[in-house]
1. Using the Cα centre as the reference, give the magnitude of the dipole from point charges on the C-beta atoms of segment 58-116 (Lys, Arg: +1; Asp, Glu: -1; all else neutral), rounded to the nearest 20 debye.
2. Please report, as a whole percent, how much of the solvent-accessible surface of segment 1-60 comes from carbon and sulfur atoms (probe radius 1.4 Å).
3. If amide hydrogens are placed 1.01 Å from N in the peptide plane, which non-local residues have theirs closer than 5 Å to the one on Leu133?
4. Distance cut-off 30 Å, Cα to Cα: go down the list Lys16/Lys92; Lys10/Lys124; Lys16/Lys150; Lys10/Lys150; Lys52/Lys103; Lys23/Lys92 and report the pairs above it.
5. Stokes-Einstein at 37 °C, 0.692 mPa s, Kirkwood radius from Cα pairs: D for the chain in µm² s⁻¹?
6. Just the accessible area per residue of the chain, please: how many Å² with a 1.4 Å probe?
7. Of the options Ala77, Gly116, Val66, report the single residue whose Cα projects farthest towards the positive end of the charge dipole of segment 59-122 (beta-carbon charges: Lys, Arg +1; Asp, Glu -1).
8. So what does log10 I(q)/I(0) come out to for segment 81-156 at q = 0.15 Å⁻¹, using the Debye formula with one equal point on every Cα and no solvent?
Amino acid sequence: LFEAHLMVAKPRQVLKPWLASAKVSRIILHWEASGVKNEVADLSREIREQGKEFGLALNLGTPISVLDNFIDQIDLALIMGVNTGFGGQAMKPEVIAKIMALKQKQPKVKIEVDGGVKLHNILKLAGAGADFLVMGSAIFADFNPLAVIKQAHEMIN
């Protein structure tokens, strides 16, 4: 499964090639991005009509309640574990409560976490209700990326 996590303003301007890619099966847009809030229904329909899943990402400070009116139009909610800006940040502890609250409120929604996901917190994240974990710098900043991937896989399976 490849996904395109488009952390861009005005995603419509870059959406077309991602919709055309047979390799991408999920497209995630940011709630806070210009042009998303007022077009969730249209963007969801356009993405899903191409046979792709539609995800909506929420910045750390955005409440999960913004999903209330759109929960049936998304396939996944991505919860940012850090303030957006740069890689390698430590996950903010409040993300655990946010995941748990979303899972309790919307038990059927798939939850992904991006930002600060490391070997030392993946079990806590999975236990809180996260279905997918994005590990960037935890893998690529390590001297042995394959070992990190293997260890993470063993820990959660």
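1. Computed charge dipole of segment 58-116: roughly 180 debye.
2. Details: 1650 of 3190 Å².
Carbon and sulfur: 52 percent of the exposed surface of segment 1-60.
3. Residues meeting the amide H criterion: Val113.
4. Working: Lys16/Lys92 33 Å; Lys10/Lys124 34 Å; Lys16/Lys150 34 Å; Lys10/Lys150 37 Å; Lys52/Lys103 23 Å; Lys23/Lys92 32 Å.
Distance filter (> 30 Å) returns Lys16/Lys92; Lys10/Lys124; Lys16/Lys150; Lys10/Lys150; Lys23/Lys92.
5. It comes out at roughly 204 µm²/s.
6. For the chain, the solvent-accessible area averages 54 Å² per residue.
7. Gly116
8. Results for segment 81-156 at q = 0.15 Å⁻¹ read -0.50.
The values are calculated or read from the model by the stated rules, or taken from the named source; none is laboratory data. The model shown is predicted, which means the values in this text are computed figures rather than measured ones. A quick note on method: Cβ atoms are made from the backbone with ideal geometry, for glycine too, and the neighbour counts reach across all protein chains shown. All accessible areas refer to the heavy atoms of the entire protein, side chains included, with ligands and DNA or RNA removed. Shrake-Rupley method; radii C 1.70, N 1.55, O 1.52, S 1.80 Å.
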